[in-house]
Amino acid sequence: DPIQSRCAIFRMSALTDSQIKQVLENVVDVENVDADEDALLHIIAEARGDARKAINTLQACVVDNQITELETREIIGEVDDELIQGIVEDSISGNLDDAIKRLDVEVLKRGINPNRVVESAERAIQNSNLPPDAEMKAYDVIGDADWRIRRGANPHIQLHRMLAALLIARHAGMEPYE
């Protein structure tokens with residue numbers, strides 16, 4: 001690397017949430033934009049300490065000189081955890097057709113990032129009351145879906161498969177028939 005040998009390398013650490021908030025508030029003030037506090041919190045969480053990403057996201061969220069929470073959640077692609085919780089619960093309780101239909105209509109058609117759906121499904125399992133064996137199987141199923149999606153498999157098929165496998169995982173914690 002002949003160019004790199006002539007350059008100084010600077011390592012930057014991630015900024016704190018309060019530092020990112022200060023940067024965003026400065027941009028909002030200078031640009032005279034009306035920003036919802038909750039919208040800024042979503043942008044800060046999405047940025048994960050990266051001021052450039054926070055500013056770019058902020059710019060993408062401005063509509064008519066305003067930044068609203070709803071618009072911000074749409075642009076970021078944030079998933080409604082309660083919706084995913086309901087879909088996961090439908091699947092686990094045996095309503096697989098309803099769960100898949102809700103996933104398709106209420107999540108995937110909106111263009112939500114499938115990786116975010118998987119992360120939300122993991123949080124749904126954390127909040128579930130599955131027996132330990134079934135919970136571990138559910139985590140395995142979700143991890144497998146995540147791995148396959150990140151490797152380029154069709155996300156719709158993988159998410160449908162995940163819901164079906166969650167239904168089966170529920171039985172891992174059930175007592176055997178006698």
*From the set of residues in the stretch 55-70 that are assigned to a helix (DSSP H, G or I) and open to solvent by 70 Å² or more (accessible area, probe 1.4 Å), which is modelled with the lowest pLDDT?*
LEU70
*For ASP146, indicate whether it is in contact (Cβ under 8 Å) with a residue 24 or more places away in the chain, of a type outside the set (A, V, I, L, M, F, W, C), open to solvent by less than 60 Å² (accessible area, probe 1.4 Å) and within 30 Å of GLU69 (Cβ to Cβ).*
yes
*Mind checking which residues of the stretch 81-92 are open to solvent by less than 70 Å² (accessible area, probe 1.4 Å) and free of Cβ contacts under 8 Å to residues at least 24 places away in the same chain?*
GLY86, ASP90
*If GLY111 passes every condition in (1) on the phi > 0 side of the Ramachandran plot; (2) over 17 Å from the mean Cα position of the chain (by Cα) but one, which one does it miss?*
(2)
*Could you list, in sequence order, the residues of the stretch 22-45 that are open to solvent by 60 Å² or more (accessible area, probe 1.4 Å) and part of a helix (DSSP H, G or I)?*
GLN22, GLU25, ASN26, ASP29, VAL30, GLU31, GLU37, ASP38, LEU41, ALA45
_Can you tell me which of (1) open to solvent by 20 Å² or more (accessible area, probe 1.4 Å); (2) farther than 19 Å from ASN115 by Cβ is the one ARG48 doesn't meet?_
(2)
*Could you say whether any residue in the stretch 4-13 is hydrophobic (A, V, I, L, M, F, W, C) and crowded, with 19+ Cβ neighbours inside 10 Å?*
no
_Can you say whether VAL105 is out of contact with any Asp or Glu (no Cβ under 9 Å at 6 or more places or on another chain), at negative phi, open to solvent by 60 Å² or more (accessible area, probe 1.4 Å) and of a type outside the set (D, E, K, R), as far as the supplied structure shows?_
yes
*Residue within the stretch 112-119 that is assigned to a loop (DSSP other than H, G, I, E, B) and hydrophobic (A, V, I, L, M, F, W, C) present*: yes
*Would a scan of the stretch 95-107 turn up a residue that is of a type in the set (Asp, Glu), free of Cβ contacts under 8 Å to residues at least 12 places away in the same chain, in a helix (DSSP H, G or I) and over 26 Å from HIS42 (Cβ atoms)?*
yes
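The values are calculated or read from the model by the stated rules, or taken from the named source; none is laboratory data. Predicted, not measured: the structure shown is a model, and the values here were computed from it. Cβ coordinates were reconstructed from backbone atoms using ideal geometry, including for glycine residues, and neighbour counts include every protein chain displayed. Side chains included, ligands, DNA and RNA excluded: accessible areas come from the protein's heavy atoms. Shrake-Rupley method; radii C 1.70, N 1.55, O 1.52, S 1.80 Å.
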